[in-house]
Every structure is written in C-alpha cells, then in structure tokens.
Amino acid sequence: MSGPGRPEVRSAWLLLAPMLVVLALVAGWPLLRTVWFGFTDARLGGAGSFVGFDNYLANYDGEWFGVLADRLWWQSVRNTLWFTVVSVSIETVLGMVVALVLDAAFRGRGLVRAVILIPWAIPTVVSARMWNWMLHDQFGILNDALLRLGLISSPIAWTADPDTALWAVVIVDVWKTTPFMALLILAGLQMLPREIFEAARIDGAGPLTVFFRVTLPLIRQVVMVAMIFRALDALRVFDLIYVLTANSAATMSMSVYARLQLIDFQEAGIGSAAATLIFVVVSVLTVLYIALGRVRLGERPW
Amino acid sequence: MVRRLLGRLGLWLLVAAIVVFAVFPFYYAIVTSFRSGSELFTVAYLPDRLDFDNYAAVFRNQPFGRNILNSIAVAAVVVALSLFLGFTAAYALGRIRFRGRSPLLLACLAVSMFPHVAVLSGLFELIRTLGLYNTLPGLVLANLVLTLPFTVWMLTTFMRELPRELEEAALVDGATPWVILWRIFLPMMAPAAVTTGLLAFVVAWNEFLFALTFTLSNEMRTVPVAIALMSGATGYELPWGNIMAASVVVTVPIVLLVLVFQRRIVAGLTAGAVKG
C-alpha cells in the first residue's frame, strides 16, 4: 500500500510538476546563473569569462580589489544589520503593546484592527514617498510639529543628515510593519485559554507579573517565528531605502549595493558576487537563529 | 471603581494613539494632494481646500492611467497563474503522503524568504533571452518568484484542514486524483483561494525591484515605479502635490480592499502561525 510505485505517489509528482518547473525556471536557474556570474567578468547583458574569486577579493600589484575590499560593501553590511536589529526590536515591542491593547474587549475593536492594516497594505514605495514629504527638512510636518512643541530648535534634515538618515528609514519601517507583528502576536494571544489568566489573578498576581510569567512564555514561539520573518524581510530591504534616501552611502543596504553595481555600474560580475554574498549571509544567519532560538518552523505566517 | 475608570481611560488613549499613528501619513497625503504651488511651503494640519489640479496633472504629465492598467494586468495574471499552479501542487503536498514532501515545503519557504536581489542578474539574463525585457509578460514571470512559493504554502495549510473523509469516499467510487481535485476540493477551497489571492495581489501590486529593473519606458512601468521616479519639470524641486495625489489614487482602492476583506486578510496573514 505504501510502496514508492503507488499510483497515488505518481499522480502527486504529476500534480507538482507544473509548479516545480515554473519555480525552477524563475528561481532555481536564475540563482545558479547569479552565482556563476559572480565568478566571471561579465558586463550587464553580455557573457564573460571565468575569473575565479577576483570579484570577491583579488590582489594586483599590492592593491586589493573586489567586493570584500570595498569599504562601501562593508558599510552596507553594517547598515543592513543595524537596521534589522533596531527595526525588528522596536517592531516587536510596539507590536506586543498593540496586540495586548487589541486583545482587550472594547467597542469598535474590529474597526481598529482593520485600520491598522492600512500601513501594511500601502505599497512600500508609496509609504516611502509619503514619509519623504512628512520628513522634508524645510516644509515637512514633523519638523514643524517638533519646532512648535519646542522639542527642537532648528529643522532636522532627516533623510539627508548621515546621523539621522538610517533612523528615518527605521521610523518608516516601524510604521509600515508593526501591524504585521501585532496581528501575529494577537493571533497567538487569542489561542491562549482564558482560565490561565483567571487562575493567575486569583493567586494574586499583578498585571505585570502575569505578562512576564504567564503570557510571554506562552507566546514565545509565535513571537520568535514572527521575528524571524520580519528579520529576513529587513535583511533584504530595498524599496524603502532606494526611494527614501536614494543611493546615499549613509543608508545603503546590501541589496541596494548589489543593484547599484549590477545595473547602474553594469558590473554584472561584481554585482552578482555581492548578491551571492547576501544570499550566503542571510542563509547562515537564518540557520543560526533557528538553531540558537530553538524555533520550530512548522507553519508559515504571512 | 476609580481604578477601573482610569484603566478604561488609559486603554482608550492607547487605542486613539494607535489609530492616529496608523492613518496619519495617509491623511496628510490627502490634505497635501489638494494644495499646490507656494501653499506647499506652509504646513497645513487640517484640510484647507479642495482642488483636484494635482490629480489632473498626474494623468496629464505621464501615462499614469497606463501605469495603473499595467499594474492591474500584471497582478491579475500573476494571481491567476499562482493560484492554478499552487492549487494542484497544494493538493499533492497536503493530501498525498510521499517521500520528499517536507523538503519540498521547506524549499518553498526558503524561496519565499530569500533576498530577491540574489536572482536579479540571472532573471535579467533569462528575461532578455526570452525577449521579454520591457514587457508585461516579463514582469509576470519575475513576480511569480514572489507569489508562487507562498501561494503553495498557504493553500497547502488550508488543504490540510479539510476532513480526510472527503476523498476517501470518492476514492472508493474509483475517482482519479485529478477528478477529486477539481470536483471536490476546488469548491471547498474557494474561501482559501480568495484569501490567498488577495495577499498575492497585494504582493504583486506593491512589487518594485523587478519592475524597476526589467522595464525601461514610461509606458511599461507599473504604479510603484512610476511613483518612485516621478520628478518635477526642472528636476530640482519635486512636485510634492502631484506625488501625493498619485499616492492617494493608488492607495484608496487598496484601503477599501483591506477594510472590506479585513477578516480574510488577517486570517491569511496568521494562517498556521499559531498552530503546531
């Protein structure tokens, strides 16, 4: 009944075939080609010849070349990691607060839940431009409000000043993706049996004790899974930074760096080497996180 | 009693803060879209006029109507293809036991989460070789990278929740998997397909990296690229009124969609997240 030649198994592979062929064509093959281009001196749109690891690191006449010798690459790695850690941390804390609020019973809860979906649904490019306008150094509403409240004495060039540019990116990302975090955590909260909280309250535990001793341990798994998906999304950030601050070095992410080399400089070899490095870095970080955090990747939250 | 009242007050303040934080940028875009010229050099917290000049300018200065149609066409075809391919695959992954099932599901998960820039040069070459550079079919092809793996994953999750007896009775009657798939599972999966399709539509509608890289002319751009590349006549001062009008035009339908299908979208976003 369960041999490999079972007709059922054969039809399973037949049913899978169209999807697998398409996925191999649009994801598998292009990924392999990208890795290959990384080992060639190809220009954009042309075939190149094999150059080994020269695109990664090479030494000619005592001078170092390649992605790994490029200070801009390392800055983009630092920017991306900093952005990922800071934005995902803030989103997790805020998402938790929003989820706890939405878990309480009040009139209009359904409407509020719908309203917080708006930032999630607005295209990233559009939200970047909306915030670009709000963060405008001369005519922006944020500077105007802060000046009126007396919190700052002169306008801040949010997206142009290297000291604040990456924070501007974080602000927009937090605005856009906290709803996702909150909804996932809320779904986790609503799975918990109410009796546990009753019991804790009868035992005389305060709200904070209940949260840290009862709620948090019970939803840890949900939070960890939500965090990894947010982190993977943050590690590949492109749209937001490209539109908010263009190709500025102060905010350049790894994806922006790779596309800059690949398309703007037409350096298919260098760009593909950088893209391959991103793929490797993200894979390694993911495996580490899953192993160290003991996350069970059963199902996928979207 | 006083403590209860204070708690209630605090809750409402938090709710108000959350709502203001979520909708303010959109509200401010609407306010700005009705103002033009030197009015934009002063900040307006409340709507002070109703003027559709910016909206007319958006459609006059660039083929924005065409861009919207491009986005709708690409997203619609991508959703249809993803649902068809995803549905047959999800039946195999969700209802038939065979070796290699878990690795396949994990591969889908990996593809949906990997950095898209990793396939950029390979896809560029593929699209050029197929003669699809600067065409909508090229964008459809590229968008499948984003939507197909998660469609498969989500439909598989939904497919597993259906009772086992469904196909057992049909199998006894001698029906083939193909018949079971289309006659029995398709009707039952309609709600799941709507949820999955909605999420896939939002993903394809928002896609930027591929649309930016694989199109060249204004006429072939999708909405996100058109808005990102919108610049002024002098190229020095950005036409903020126009940009905000364009942003409002493309955001209103999405906001309506979200408000109408709120329950389905939340169900889709959290599908399987809290089980197992």
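The values are calculated or read from the model by the stated rules, or taken from the named source; none is laboratory data. It should be emphasised that the depicted structure is a prediction, and the values quoted were computed from it without experimental measurement. A quick note on method: Cβ atoms are made from the backbone with ideal geometry, for glycine too, and the neighbour counts reach across all protein chains shown.
Structural remarks
- Applying the criterion of being surrounded by 14 or more Cβ atoms within 10 Å (Cβ to Cβ) and acidic (Asp, Glu) to the residues of segment A:53-107, the residue that is nearest to the chain's Cα centre (by Cα) is A:Glu91.
- Among the residues making up segment B:36-81, those that are of a type in the set (Ser, Thr, Tyr) and facing chain A (nearest Cβ under 10 Å) are B:Thr42, B:Tyr45, B:Ser71.
- Per the listing B:Ala246, B:Ala211, B:Ala192, B:Ala226, the residue uniquely more than 10 Å from every other protein chain (Cβ to nearest Cβ), of a type in the set (A, V, I, L, M) and either in contact (Cβ under 8 Å) with a residue 40 or more places away in the chain or closer than 28 Å to B:Ala92 by Cα (or both) is B:Ala192.
- When residues of segment A:22-51 are limited to those that are within 21 Å of A:Val280 (Cβ to Cβ) and of a type in the set (Ser, Thr, Tyr), the one farthest from the chain's Cα centre (by Cα): A:Thr40
- Set B:Trp205, B:Trp182: member being assigned to a helix (DSSP H, G or I) and within 30 Å of A:Thr124 (Cα to Cα): B:Trp205
Residues are listed down the side, and each one gets a yes or a no for (1) outside the structural domain of B:Trp153 (by TED's automatic domain parsing); (2) surrounded by fewer than 22 Cβ atoms within 10 Å (Cβ to Cβ); (3) assigned to a helix (DSSP H, G or I); (4) within 17 Å of the chain's Cα centre (by Cα):
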| residue | (1), (2), (3), (4) |
| --- | --- |
| B:Leu212 | no, yes, yes, yes |
| B:Pro224 | no, no, yes, yes |
| B:Ile227 | no, no, yes, yes |
| B:Ala245 | no, no, yes, no |
| B:Val249 | no, yes, yes, yes |
| B:Val252 | no, yes, yes, yes |
| B:Arg263 | no, yes, yes, yes |
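- Restricting the search to helices (runs of 4 or more DSSP H) fully inside segment B:58-139 and requiring at least 2 residues that are in contact with a Pro (Cβ under 7 Å, 6 or more places away or on another chain) and within 22 Å of B:Met159 (Cα to Cα) gives B:64-95, B:101-113.
- Take the conditions (1) touching a Gly at 6+ places or on another chain (Cβ under 9 Å); (2) buried (at least 21 other Cβ atoms within 10 Å of the Cβ); (3) over 23 Å from A:Arg236 (Cα atoms); (4) at the interface with another protein chain (Cβ under 7 Å from one of its Cβ atoms); B:Thr156 misses just one of them, which is (4).
- Within segment B:86-145, considering residues that are aliphatic (A, V, I, L, M) and in contact with a Lys or Arg (Cβ under 7 Å, 6 or more places away or on another chain), the one surrounded by the fewest Cβ atoms within 10 Å (Cβ to Cβ): B:Leu109
- Qualifying residues in segment B:100-140 (those that are touching a helix residue (DSSP H, G or I) at 6+ places or on another chain (Cβ under 8 Å) and among the charged types (D, E, K, R)) - the one nearest to the other protein chains (Cβ to nearest Cβ): B:Glu125
- Residue match in segment A:166-182 (condition: assigned to a loop (DSSP other than H, G, I, E, B) and assigned by TED's automatic domain parsing to the domain that holds A:Arg113): no
- Counting only residues that are surrounded by fewer than 17 Cβ atoms within 10 Å (Cβ to Cβ) and facing chain B (nearest Cβ under 8 Å), segment A:21-35 holds 3 of them.
- Considering residues of segment A:70-110 that are in contact with a helix residue (DSSP H, G or I) (Cβ under 7 Å, 6 or more places away or on another chain) and without any contact (Cβ under 8 Å) to a residue 24 or more places away in the chain only, the residue farthest from the other protein chains (Cβ to nearest Cβ): A:Arg109
- Looking across segment A:132-144 at every residue that is part of a helix (DSSP H, G or I) and facing chain B (nearest Cβ under 8 Å), the one that is farthest from B:Leu238 (Cα to Cα) is identified as A:Asp144.
- In the set (1) among the small types (Gly, Ala, Ser); (2) assigned to a helix (DSSP H, G or I); (3) over 30 Å from B:Gly138 (Cα atoms), A:Gly52 fails one condition alone, (2).
- Some residue of segment A:42-52 being of a type in the set (A, V, I, L, M, F, W, C), without any contact (Cβ under 8 Å) to a residue 24 or more places away in the chain, exposed (fewer than 14 other Cβ atoms within 10 Å of the Cβ) and more than 30 Å from B:Leu83 (Cα to Cα): yes
- Among the residues of segment B:82-99, those identified as of a type in the set (A, V, I, L, M) and at the interface with chain A (Cβ under 8 Å from one of its Cβ atoms) are B:Leu85, B:Ala89, B:Ala92, B:Leu93, B:Ile96.
- Filter result for A:Thr245 (over 17 Å from B:Leu212 (Cα atoms), crowded, with 17+ Cβ neighbours inside 10 Å and in contact (Cβ under 8 Å) with a residue 12 or more places away in the chain): no
- If you check A:Arg129, A:Arg113 for being in contact (Cβ under 8 Å) with a residue 24 or more places away in the chain, within 30 Å of A:Phe197 (Cβ to Cβ) and assigned to a helix (DSSP H, G or I), only one passes: A:Arg113.
- Condition met for B:Ser33 (in contact with a Phe, Trp or Tyr (Cβ under 8 Å, 6 or more places away or on another chain), of a type in the set (Gly, Ala, Ser) and either surrounded by 12 or more Cβ atoms within 10 Å (Cβ to Cβ) or at the interface with another protein chain (Cβ under 8 Å from one of its Cβ atoms) (or both)): yes
Conditions tested, residue by residue: (1) under 30 Å from B:Ala192 (Cα atoms); (2) of a type outside the set (Gly, Ala, Ser).
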| site | (1), (2) |
| --- | --- |
| B:Ala22 | yes, no |
| B:Glu39 | no, yes |
| B:Pro47 | no, yes |
| B:Phe84 | yes, yes |
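- Among the residues of segment A:129-141, those identified as crowded, with 21+ Cβ neighbours inside 10 Å and either in contact with an Asp or Glu (Cβ under 7 Å, 6 or more places away or on another chain) or over 14 Å from A:Asp239 (Cα atoms) (or both) are A:Trp133, A:Met134, A:Leu135, A:His136, A:Gly140.
- The residues of segment A:243-275 that are under 20 Å from A:Leu44 (Cβ atoms), among the polar types (S, T, N, Q) and more than 7 Å from chain B (Cβ to nearest Cβ), listed by number, are A:Asn247, A:Gln261, A:Gln266.
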